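What follows is a set of notes on a single structure, which appears directly below.
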Amino acid sequence: MQMKWVIPLFLLTSLWWAPPAGGNENEPDVSFESDVSVVIERFMEKQFPEATSHFWVVNGTQWQAEQELIIDVNTIVTSPAPVEHRFLLLVVAGKLAAAQNIPLDAKPDCQSEST
């Protein structure tokens with residue numbers, strides 16, 4: 001083997017076999033924004049399984065409790081013609097707990113329960 005290939009081969013091999021860097025145990029693996037994105041994407045896939053394409057826009061969010069978040073989201077689904085929808089999603093501890101389809105021109109009243 002020629003000597004000019006020894007160092008690059010060694011570096012490639014060492015990077016290939018290197019263990020992954022450990023993170024801080026107190027920090028979450030995924031940021032909150034990407035968790036919300038994943039929840040919305042999974043909801044869209046379940047709600048519109050036959051859609052050829054889709055996109056969504058978050059209109060607003062509101063915390064109900066420490067682990068509860070309400071997301072006001074507009075969606076446009078193409079299947080075959082584009083159709084717009086609006087949903088309120090309740091996310092509890094990073095998982096979708098409930099979804100409600102609301103009229104497109106409605107102004108949702110997302111307030112904490114009062115007892």
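No value in this document is a laboratory result; all are computed from the given coordinates. Since the structure is predicted, the reported quantities are computational estimates derived from the model, not experimental observations. Virtual Cβ from ideal backbone geometry, glycine too; neighbours counted across all protein chains shown.
Some points to look at:
- Backbone HN-Hα couplings from phi across the range 86-91 [Karplus 6.51/-1.76/1.60, Hz, Gly and Pro as x]: 9, 9, 10, 10, 9, 10
- Label zone at Asn101 (point 7 Å along Cα-to-Cβ), backbone N below 13 Å, the range 37-58: 47-49
- Dimensions of the range 54-103 along the principal axes, based on C-alpha atoms and rounded to the nearest Å, stand at 39, 17, 15, largest first.
- Calculated FRET efficiency for the pair Gln47/Ala93, C-beta based, R₀ 25 Å, to 0.05: 0.75
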